[in-house]
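Below is one structure; the comments refer to it alone.
The values are calculated or read from the model by the stated rules, or taken from the named source; none is laboratory data. Please read all numbers here as calculations on a predicted model, not as lab measurements. Positions of Cβ are generated from backbone atoms using ideal geometry, with glycine treated the same way; all protein chains shown enter the neighbour counts. Only protein heavy atoms, including side chains, enter the accessible area calculation; ligands, DNA and RNA are left aside. Shrake-Rupley method; radii C 1.70, N 1.55, O 1.52, S 1.80 Å.
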Amino acid sequence: MPYSKDFFAFQLSCAHALAKRFRRNVGDILYDYTTFSRSIALTPDRPFDQWNPVWQSYINGLGKAVNEAEWTHDFYLNHCVDDPLSTDEEFNGNMLFGSFYFVLRDNHIVRPHFIKLGDDTSPHSLIGKERMVESLENLKNMFQYVKDNVGGAKTVMGNTWLYNLDAYRRLYPPEYTAQMVENDSHAFQFLSLWGQFFDKNWQVKGLLANELLNRISALNSLENLRFCFPYQALMPQFHIQAFYDFYGIV
């Protein structure tokens, strides 16, 4: 499902509030502190260069737009990457297992990812109790694939705000999420932090959104921006054998 207009409108409001408070160019704020540079596909390989012609075209058009949110949403729809479908076997070159896939880092670190499929019309979230069996089966298949095909895999490492939720943590071995550190790298371009403000249809969660805007209004330094976010992106890490044991993989 494509991002909603409100998905962009909310982040635009935050960007303007930050730009005004810290006397910064709103285009720089949008690039550094929102998901916009990742939401708009700049090239097939998606390099995130602020001087990319497509990004510059967006920024130039934004300055002339009567309605910034509408113009941004239209621009996004003309430059976005389609969501994967349930019939797809890959997403961005990575094997899909339902709504889950993994990226291998440094030849031994498995980074699990979760994505909404474009043709998923269920009223229930994939991490909800109604679909827990389905999610566990998809994850079992993913880690079975890792065991069979990625001989060097040793560690699993995550990075998302979702680990704040019991519903997401219960899909993984308890040892994995027993001790988690906050991501303090200020990675504001990612849904791993911004995703907390949107429901499964990319509509804004009003209470959380207002809390962020209120905190921004009292912010003293951009260096402390991440502490304005109600949930932090958490980074669990554990040996991969715990996953094989948890999913019953032999």
Charge dipole magnitude, Cβ of K and R +1, D and E -1 - the chain, Cα centre, debye nearest 20: 700 debye
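With a cut-off of at most 13 other beta carbons within 10 Å, and DSSP calling the residue loop, which GluC sites (Glu not before Pro) in the stretch 77-181 qualify? Please list them.
Working: sites: 89, 90, 130, 134, 137, 175; in loops: 89.
Within the stretch 77-181, the qualifying GluC sites (Glu not before Pro) (loop, at most 13 other Cβ atoms within 10 Å) are 89.
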- request: Would you work out which of 63, 17, 128 lies farthest towards the positive end of the dipole of the chain, given +1 charges on the beta-carbon of Lys and Arg and -1 on that of Asp and Glu, about the Cα centre?
  value: 17
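Over the chain, what relative contact order in percent results from Cα pairs under 8 Å that are six or more residues apart? Mind dumping the intermediate values first?
Details: 339 pairs, mean separation 58.7, N = 250.
Relative contact order for the chain comes out at 23 percent.
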field: Within the stretch 1-85: Cβ-based charge dipole about Cα centre, in debye rounded to nearest 20 (Lys, Arg +1; Asp, Glu -1)
entry: 440 debye
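I'd like the trypsin sites (Lys or Arg not before Pro) in the stretch 1-98 restricted to DSSP loop residues with at most 11 other Cβ atoms within 10 Å, sorted by number. Can you show the working numbers first?
Working: sites: 5, 20, 21, 23, 24, 38, 64; in loops: 23, 24, 64.
Passing sites in the stretch 1-98 are 23, 64.
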- request: Work out the charge dipole of the chain with +1 on the Cβ of Lys and Arg and -1 on the Cβ of Asp and Glu about the Cα centre, then indicate which of 221, 157, 191 is farthest towards its positive end.
  value: 221
message: So I have [x] 12.0; [y] 15.4; [z] 13.9, and one of them is mean projected area of the Cα convex hull in nm² calculated from this model. Which one is it?
response: [z]
task: List, in the order given, every pair from 154/200; 20/116; 20/205; 116/147; 20/64 whose Cα-Cα distance in the structure shown is over 30 Å.
output: 154/200; 20/116
query: Which value, in debye to the nearest 20, describes the size of the charge dipole of the stretch 54-116 about its Cα centre when Lys and Arg Cβ atoms bear +1, Asp and Glu Cβ atoms bear -1, and nothing else is charged?
result: 240 debye
- line: Nearest 10, in degrees from 0 to 90: the angle of helix 68-77 to the longest Cα principal axis of the chain is 40 degrees
Amide H within-cut-off set for residue 95, under 5 Å, with H built and near neighbours excluded: 102
query: Given only helices, namely DSSP H runs of n ≥ 4 each adding -39500 (n - 2.57), what is the per-residue ellipticity at 222 nm of the chain, to the nearest 500 deg cm²/dmol?
result: -11000 deg cm²/dmol
Nitroxide proxy distance, nm - points 7 Å out along Cα→Cβ at residue 24 and residue 130: 4.0 nm
message: Given a 1.4 angstrom probe, what's the average accessible area per residue across the stretch 110-250, in square angstrom?
response: 49 Å²
- prompt: According to a simple spin-label model (label point 7 Å from Cα along Cα-to-Cβ), what is the distance in nm between residue 49 and residue 144?
  reply: 4.4 nm
message: With every protein chain left in place and a probe of 1.4 Å, what is the accessible surface of residue 205, to the nearest 10 Å²?
response: 70 Å²
